[in-house]
Structures are given as structure tokens and as C-alpha cells.
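Take a look at the structure below.
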Amino acid sequence: KMRYGRVETLAGEPLKEQGVVNILLIGSDSRTAGDEGRSDAMILLSISDKTRTIHMTSLLRDMYVDIPGREGNRLNAAYSFGGPELLLETVKQNLGIDVNRYAVVNFQAFANLVDAVNGVNAYLNEYNELRGMPIDTDYLDTSLSGTIHLNGPQALAYSRNRFIGTDFGRTERQRKVLAAVMKKLPVAAVTN
């Protein structure tokens, strides 16, 4: 279930520029209904009509930037100060990228997206607590190796894990999960 909202600041902007649509995918760390949270993950999805390619570029949440109307801060602070609109303005000012549209998902929506495509191959405790589930729900069998099929909550935990490697590795895991989801979507869903 998606909620679509018209954003006046983007309504007059072109959907495409030079055959490219830039969509900022924002993963909010919101844990409760009505709470905007912070932008825990930001991935710029660039879709080109000319080359018929899709590129995903992670924007590191801890990148220090100038936020319009505020003092300098981390990129994810822009979202908490002024929602997606201020985040898009901050990206444009600091990176020179016009973002044409955005989509925001919270923990539940991300896990539901992965489950909607029957999982993908690729901080579970906190998510289980939020759902009122036993703490060890959806734990992986530690004897497994190689490519492992993940359900929604497992993919969320894999994408958010900060105890393995660096933030670069974390953003790479996020892109891997999204790429796996996109491969399982019907072509019409991706192009539309």
C-alpha cells in the first residue's frame, strides 16, 4: 500500500532532465506512526531513457554539508529539520544534482517490500521488539553459507547492520537488496 502526496515544490519541475529521472529513495528510521524520523539511508536512483540503464548512488548520511537556512551539519539532519523537501534542496545545493522525485519508506515498508517479492537472496532484535515478536524471530541458521534467501525483516537487518565493515559496506548492502528486489519486480512495475 502506497500513499502518494503531491509536493508543490516539485509539481512545477520537469520529471526528466536530458532523458534522466533522478529519484531519491529515503529510508527513514521512523519507528512509530506519525514520526518522520531521520533519513537513515539515502540512495539516488537515476533512470536514463537514452542508455536504458538504472544507477544507484548512495549518499552517506554522515556527509557534512551546508543545509539551506541552517548551519552546516550531517546530510541526514536536513531530513529531520525540514523533511524530504529540505533534503532535496540540500542535495542540489551541495552536490549540484536536481532530484525530480522522492520516495520515503520506514522499517515496516522496507520489510514489506522485500516480502512482497517473496524475499531476496542476499538491527533484527530492535525490529522484532517493535513488532512485538520474540527477540530471536527470523534469525538465520548459522550453519548456512553462500547465497542465502532473506525475508523482509532479515533483509532490513542485513541492510542496517553497522557492526560489519564500514559505512561504505553498509550502503553497498542497501544497494544490493534494492537491486535484488528490482530484479524480481515485473518490468512494467520498474518502468512505471
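The values are calculated or read from the model by the stated rules, or taken from the named source; none is laboratory data. Here the structure is a predicted model, which means the values were calculated and not measured. No Cβ is skipped: glycine too gets one built from the backbone with ideal geometry, and neighbour counts run over all protein chains shown. Heavy atoms of the whole protein, side chains included, go into the accessibility calculation; ligands, DNA and RNA do not. Shrake-Rupley method; radii C 1.70, N 1.55, O 1.52, S 1.80 Å.
For this structure, a couple of remarks:
- At the residue level, Tyr79 shows approximately 10 square angstrom of accessible surface with a 1.4 angstrom probe and all protein chains present.
- Once the Cβ-Cβ distance of Thr142 and Phe168 is raised to the sixth power relative to R0 = 30 Å, the FRET efficiency obtained is 0.70.
- FRET efficiency for Asn112 and Asp49, using Cβ-Cβ distance with R0 set to 35 Å, rounded to 0.05: 0.75
- Lys184 sits with roughly 90 Å² accessible to a 1.4 Å probe, with DNA, RNA and ligands left out of the calculation.
- Here the spin labels are modelled as points 7 Å beyond Cα on the Cα-Cβ line, and at Glu71 and Asn161 they lie 3.7 nm apart.
- For region 78-85, the Karplus equation 6.51 cos²θ - 1.76 cosθ + 1.60, evaluated at θ = phi - 60°, returns couplings of 4, 5, 5, 6, x, x, x, 4 Hz by residue, with Gly and Pro reported as x.
- The length gained by stretching the chain between Ala103 and Phe81 to full extension, at 0.36 nm per residue less their Cα-Cα distance, is 6.2 nm.
- Residue-level accessible surface for Leu185, protein heavy atoms, 1.4 Å, Å²: 60
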